[in-house]
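Comments concern the structure below.
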Amino acid sequence: MSVNKAKMVSEILGLGGGGGELHKLTIYYEQGGVQRQGSIEALFNPSEITLTRSAKWEQQETVGQSTALVEQEFRSVEAERFSIELFFDTYESRSSGLTAARAAATFLPAGLISGREATDVRQYTDQIARLAKVDAELHRPPVCELRWGVFDIFTGVLTTLQQRFTMFLDDGTPVRATLTCEFAEVGTQAHATELHSSDVIKTRQVRRHDTLQSLAADEYGDPALWRPIATANGIVNPRDLRPGTRLTIPKLQP
């Protein structure tokens, strides 16, 4: 009788249901050459995943006011980040099926173990590590898609990988590892917003040494386009620009 170790341990730890087929979290990754896509199946499904999205705001200085007024100017939406811990354990018998007690025992504290009832866990962890290396055909690390059954979790690139080996055979062969992986989003419309777009209305707080020309260069890429800023803010004398003044930066008309 064969025993599905991943399914048994997942059920013992509450990581998967016992009523139907246990789907594995799978990482699909692009490859150069003839084979266009590879895949890596998790040995054990994770107990949790974390998705992080952040927006960048810049605090503006308040000048010449008796009461401090904190204002925030929106700058960009950062790429979403995805983090996950993947567990790998190859300490299993080659000659007999795995019992529930043996499956649970693989989660005992780390240390050295005797015998040769295991294979090197790096045969699995090295597959993940390669996702952070340059593909010879792509000339960069691959873009990955992470899926778990019906859950299309994330599309991105592996930016950080920490490998922690916690159990070894008496000859030093690692048989248990936890990989902490962090991916950064790619391939969607949620990347950082262009800060100097000329087709949206924004505001800017005047700082020391700012001029209408320098603001136009920052916002529109052309210092000669200062007049729309002057008109939108009722500025008659372009030299009379006081630090701390908040200006409307209009979008350019086509």
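Brief remarks on what is shown
- Interchain or long-range residues, amide H under 5 Å from Phe44's placed H: Phe87
- Here the range 145-179 and the range 39-55 have alpha carbon centers that stand 10 Å from each other.
- Computed E for Ala55/Ala129 - FRET, C-beta separation, R0 35 angstrom, nearest 0.05: 0.65
- Sorted peptide list for 238-246, 168-176, criterion being average Cβ within 10 angstrom, highest first: 168-176, 238-246
- Charge context of Arg81, other residues only, Cβ under 13 angstrom, K/R +1, D/E -1: -3
- If you plug the beta carbon distance of Val77 and Glu21 into 1/(1 + (r/R0)^6) with R0 = 30 Å, you get a FRET efficiency near 0.20.
- Rounded to the nearest Hz, the phi-derived 3J(HN,Hα) couplings of the range 222-233 under the Karplus curve 6.51 cos²θ - 1.76 cosθ + 1.60 (θ = phi - 60°) are 8, x, 6, 8, 7, 5, x, 5, 4, 5, 5, 10, where x marks glycine and proline.
- Across the range 202-249, Cα-Cα pairs farther apart than 13 Å form 48% of the total.
- FRET E, pair Gln253, His139, Förster distance 41 Å, beta-carbon r, rounded to 0.05: 0.45
- Remark on Val143: its backbone amide H falls under 5 Å from those of Glu30, a criterion applied only to residues 5 or more positions apart or on other chains, H modelled at 1.01 Å from N.
- Summing +1 for each Lys or Arg and -1 for each Asp or Glu among the other residues whose beta-carbon sits under 13 angstrom from that of Glu137 gives +1.
Quick note: the coordinates plus some simple rules give every number you see, no bench work behind them. This structure is a prediction, so every number in the text was calculated from the model and none was measured. Every residue, glycine as well, gets a Cβ built from its backbone with ideal geometry; the counts of neighbours run over all protein chains shown.
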